Amino acid sequence: MNKNTRLIQLSLALLACILAVVLFYAPARKNLLKSSKPSQTAKTSSVDDLIIASKAELSPKQISNFANWEMALESVNETDKIAYLDSLSTGWSVLKNPYLAAHYLKQKAVLDSDKETYLRSGRLYFLGFETLQDSSFKEQSLAEATSLLEKAQELDPKDDDIRLELALCYIESPSNPMRGISLLRQLVEENPQNENALFNLGILSMRSGQYDKAIGRFEEILAFSPERFELFRFIGHCYEQIGENDKAIVYFSRFKSKTKDQRLRDETDRYIEKLKEE
């Protein structure tokens, strides 16, 4: 999966409540997020409690593997700790627990001060924010994601992908979402063909009910990336929301003519028929 696809999928979380009203509006999420089991719904007071609760769902062999890595971590020097922290992070990532994967990867980042480690741990914490049920852990996960991505940005201030992911964190923060929106706009000002920034601005416009602005953003992308035919669905939905069903049908039909997914083609047909009846 390429970097642009991953970033776009990550941003689709912002549109979840809107997409629920359209049957075929179900873009694939990254496998890690798509298959993640919801974290413990019981309240846990610390990361240690969360680890204990998560281990309760594991097999004896898996528990033994984690125990061995944890014991080794306590007895080796800092250089060797990096390898065991990597094992613990990878182990929890494989088990679709991004929060605990990020917990250990963050410790590795403290030791190696590497941009990629900060970036990876920040991304995992953001996935944890999206999947955790415990509100206190959700808030902590978003705060950790923001902090780690800020550290990654300090090491490479010109990396647009880091800046975009940081913008998504700021947007989800209740204290200052406009900071994230301003960062997205800055990215577009610097590069008018930044697809990821334009896409997220379009998503945010949909989220706030500014469908005309959303259409404009998506059309901007199509002007230089006509292969992005999935945007026809978004534009169609925008037109439907402002009561222009005829235009909505045109764009849904364009999407149908481009996609090779028969399931989506069939669902699009049904939705177009529904629009014609309204």
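Readers should treat all values here as calculations from the given coordinates under stated rules, not as data from a laboratory. A quick note: this is a predicted structure, and the numbers were derived from the prediction, not measured. Glycine gets a Cβ as well: all are built from the backbone with ideal geometry, and neighbour counts include every protein chain shown.
Quick notes on this structure:
- Computed from label points 7 Å out along Cα-Cβ, the spacing between Glu219 and Asn68 is 6.1 nm.
- Applying 0.36 nm per residue to the separation of Leu275 and Ala143 and subtracting their alpha-carbon distance, the gain on full extension is 43.3 nm.
- Globularity ratio of region 105-147, using Cα Rg and 2.2 N^0.38 Å: 1.14
- Gyration tensor (alpha-carbon) shape descriptor, region 58-131, a/c threshold 1.5: oblate
- Global geometry of region 159-244, whether rounded, prolate or oblate, following the gyration tensor of its Cα atoms and the 1.5 cut on a/c: oblate
- The ranking of Phe224, Phe255, Phe199 by Cβ neighbour count inside 10 Å, starting from the fewest, reads Phe224, Phe255, Phe199.
- Rounded FRET efficiency, nearest 0.05, which uses the C-beta distance separating Glu227 from Gln186 and R0 of 22 Å: 0.25
- Peptides 57-64, 131-138 ranked from most to least packed give 131-138, 57-64, packing being the mean of other C-beta atoms within 10 angstrom over each peptide's residues.
- For a label point 7 Å along the Cα-to-beta-carbon line of Asp266, residues of region 218-252 with backbone N under 17 Å: none
- Each 5 Å bin from zero holds the following percent of Cα-Cα pairs in region 220-271: 4, 23, 29, 24, 14, 5, 0.
- Between Ala53 and Gln193, the FRET efficiency from the beta-carbon distance, with R0 = 51 Å, is close to 0.65.
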